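Down below is the structure, laid out as structure tokens.
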Amino acid sequence: MYTTLISAEQLQALVQDAKALMIFDCSFELMQPLAGEQQYRESHIPGAVYANLDTALSAHGLPDASGKFTLPADAASGGRHPLPSREKFAIWLSSVGFANDMQAVVYDRQGANYCGRLWWMLKWAGHDNVAVLDGGLQAWQAAGGATASGETPSHFQSNFKLTQSIATLVTTETIANQLGRETQTIVDARAAPRFRGEVEPLDPVAGHIPGALNRPFSQNIGENGKFKPPAQLRAEFDTLLAGRDPASVVHHCGSGVSAVPNLIAMEVAGLGHAALYAGSWSEWSTTPGLPCAQG
């Protein structure tokens with residue numbers, strides 16, 4: 001069972017041994033939402049299912065009579081990529097044939113920026129045996145792995161059953177109530193200029209949650225395109241936290257997606273399971289009355 005990272009060679013062995021396995025391609029481009037699926041169609045690991053961030057891994061808002069965009073009543077978070085309910089997520093997993101006895105492997109070709117979302121959501125659904133393909137599609141190809149093209153393969157309907165969540169989801173209310181307390185350490189995964197409020201290409205307000213620490217998610221990836229070694233990640237997080245309790249960490253970013261590589265990196269480093277604020281800056285900055293900091 002692989003629960004954090006899996007190498008291309010390890011995945012090849014699983015495929016060869018015909019283990020109960022499903023591979024998900026989560027490639028996506030934030031500024032070009034249709035590009036990820038096109039990348040998948042051009043080249044993907046044979047048998048991989050495409051998991052679209054916007055349509056499969058986020059709740060679908062609906063326009064009201066005035067045309068205002070509103071979230072479904074059962075959405076599990078707000079923000080630009082609101083989480084669907086666990087029940088709706090389980091329905092999607094069942095529709096693509098994923099079952100509770102399977103090993104899940106997720107990947108993208110964007111430096112683990114997007115596939116972590118599905119990794120976290122499966123943990124949230126109670127499914128522990130899910131791993132990120134270290135190095136993504138590029139590592140698979142470098143190891144001699146075959147690729148295929150075309151549409152997502154069809155699968156028989158399964159009956160994925162939700163179990164007790166392994167992941168911790170934190171709400172805006174919790175963040176606000178714990179703001180400034182030692183029991184909560186907020187880590188923001190956005191690029192430093194966005195964190196400081198110098199630029200803001202996506203959300204209406206620039207800046208960050210007061211007291212948050214900044215660790216851009218890309219800092220977890222080495223020059224070889226793979227996660228840095230555990231000891232190096234441990235040292236970097238120890239420096240960032242500066243004595244703060246790792247168990248107090250809540251990760252966030254712009255919309256709860258690129259924060260997950262920081263969460264994975266902490267687990268790889270042996271620092272335990274941190275929490276995720278899925279609504280992230282896009283929910284915080286649009287909630288009336290909440291403080292925003294710059295600098």
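The values are calculated or read from the model by the stated rules, or taken from the named source; none is laboratory data. Worth saying up front: this structure is predicted, and the values here are computed from it rather than measured. Cβ atoms come from the backbone with ideal geometry, glycine included; neighbour counts cover every protein chain shown.
Points to keep in mind about this one:
A quick yes/no check of all residues on (1) charged (D, E, K, R); (2) modelled with pLDDT of 95 or more; (3) closer than 19 Å to residue 99 by Cβ; (4) surrounded by 15 or more Cβ atoms within 10 Å (Cβ to Cβ):
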residue	(1), (2), (3), (4)
33	no, no, no, no
37	yes, yes, no, yes
40	no, yes, no, yes
61	no, no, no, no
65	no, no, no, no
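- Restricted to segment 17-50, and to residues there that are among the small types (Gly, Ala, Ser) and under 15 Å from residue 145 (Cβ atoms), the residue that is nearest to the chain's Cα centre (by Cα) is 48.
- Residue 207 vs. criteria small (Gly, Ala, Ser) and surrounded by 20 or more Cβ atoms within 10 Å (Cβ to Cβ): yes
- Residues of segment 219-251 that turn out to be among the β-branched types (Val, Ile, Thr) and closer than 20 Å to residue 275 by Cβ, as a count: 2
- So residue 23, is it out of contact with any Cys (no Cβ under 7 Å at 6 or more places or on another chain), under 12 Å from residue 102 (Cα atoms) and touching a residue at least 60 places away in the same chain (Cβ under 8 Å): yes
- Qualifying residue in segment 25-36 (condition: assigned to a loop (DSSP other than H, G, I, E, B) and under 20 Å from residue 126 (Cβ atoms)): yes
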